[in-house]
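Data first, discussion second: the structure below is written as structure tokens.
The values are calculated or read from the model by the stated rules, or taken from the named source; none is laboratory data. Keep in mind that what you see is a predicted model, and the values were worked out from it rather than measured. Every residue, glycine as well, gets a Cβ built from its backbone with ideal geometry; the counts of neighbours run over all protein chains shown. When the accessible area is computed, the model is the full protein with side chains, heavy atoms only, and any ligands, DNA or RNA have been set aside. Shrake-Rupley method; radii C 1.70, N 1.55, O 1.52, S 1.80 Å.
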Amino acid sequence: MKEERGICELVLMLTFLIGMSLPSPTLAGDPLKVTVSILPQKYFVEKIGGDRVEVSVMVLPGANPATYEPRPRQMVDLTNSKIYFSVGVPFETVWLDKFAHASPKMEIVPTQAGIEKIPMEPKHTHDDEDHPGGPASHSGGKDPHIWLSPPLVMLQARNILSALIKADPSGRADYEANYRNFAMELVELDLKIAALLSDGDTHRRFLVYHPAWGYFADAYRLLQIPVETEGKGPTPKALQRLIADARHNGIRAIFVQPQFSTKNAETIARAINGRVIEADPLALDWQANLLRVAEQFKSALK
Ligand SMILES: [Zn+2]
């Protein structure tokens, strides 16, 4: 009995000591918890937020942001987030409202604000066919892949900066300094990619399974030819046409991304006597990845 009491006292004392040594959640040292939709956004927010932020990502690595469904655990974690940075990927259409309900005090910041989106590639002509890829992933006709063009990331960075300063005004100087560094990096990256892809004719065509590289193509004067249109795989007839066009234009490579099946891509590659090249639009090491992709494009477009 006495011993038990002793243990209780010890536990109480320890609890007290631990309580003393832990910072209270309102102290300045506590990171600002935020959530983003996709991995490249984590890269952007960490570039500007540095140590002051802790970033959770909704669409887990390998998952597809067109069809993603958050895990229950993620919905619970969301209640700790002060900001949700959206970017306009399709799953947000269904889920942003639910996020707002689950976490009513969380601010939802559309990082795509101020960016004029381009339409997806030419309308597909096979509405009557079945949809092996499930429901249209990019319905509404606008291209969501704005995080793959450095000039557009500059605008997203600006939106992220404003939101961080608003949520954590005491970090303003840090955020602004980080933002300036990141903006410089973006300018350098843009120049590097432009130099890599500048030789040769403009509007060189490239084949891609899922059309994620439209803004990238616009920025560096290339022309994206998608295999999939609005989330649907090609019909046999459309596939034949694609192959004939690719042969005619001397295209010898098809780009794929790890989030989608490559079966059709391999068929096309065989038919054009070319190769399948992986280019990931959702990589976390955004900057290095974009440069790698640019080099892949350069080698494929020779
Ligand atoms: Zn996409």
Step through the residues of the stretch 74-91 one at a time and calculate ³J(HN,Hα) from phi using the Karplus curve (6.51 cos²θ - 1.76 cosθ + 1.60, θ = phi - 60°), rounding each to whole Hz and writing x for Gly and Pro.
5, 5, 5, 4, 4, 5, 8, 7, 8, 9, 10, 8, 8, 9, x, 6, x, 5
Spelling out what I want: for every residue of the stretch 203-208, take phi, set θ = phi - 60°, compute 6.51 cos²θ - 1.76 cosθ + 1.60 (Karplus), and round to whole Hz; glycine and proline get x.
6, 5, 8, 9, 8, 9
The set of residues whose placed amide H lies less than 5 Å from the amide H of Val53, leaving out same-chain residues fewer than 5 positions away, is Leu32
Heavy-atom accessible area ranking, 1.4 Å probe, most first, across Lys166, Lys82, Lys98:
Lys166, Lys82, Lys98
So which of Lys33/Lys98; Lys33/Lys192; Lys33/Lys142 end up more than 25 Å apart by C-alpha?
Lys33/Lys192; Lys33/Lys142
Using mean Cβ contacts within 10 Å as the protection proxy, how do 187-194, 40-47 order, highest first?
40-47, 187-194
Given H placed on each backbone N at 1.01 Å, which residues far from Arg204 in sequence or on other chains put an amide H within less than 5 Å of it?
Leu223
Around Gly29, under 15 Å between beta carbons, what's the net of Lys plus Arg minus Asp minus Glu among the other residues?
-3
In terms of modelled amide H atoms, which long-range or inter-chain residues lie less than 5 Å from the amide H of Phe255?
Leu207, Val208, Tyr209, Ile277
Ser261 - accessible surface, heavy atoms, 1.4 Å probe, Å² rounded to 10
80
For Leu239, the accessible surface traced by a 1.4 Å probe with all protein chains present amounts, in square angstrom to the nearest 10, to 20
Would you rank Leu223, Leu161, Leu96 by solvent-accessible area, highest first, keeping every protein chain in place and using a 1.4 Å probe?
Leu223, Leu96, Leu161
To the nearest 0.05, how large is the calculated FRET efficiency for Lys192 and Ala100 if R₀ is 35 Å and r is the Cβ-Cβ distance?
0.35
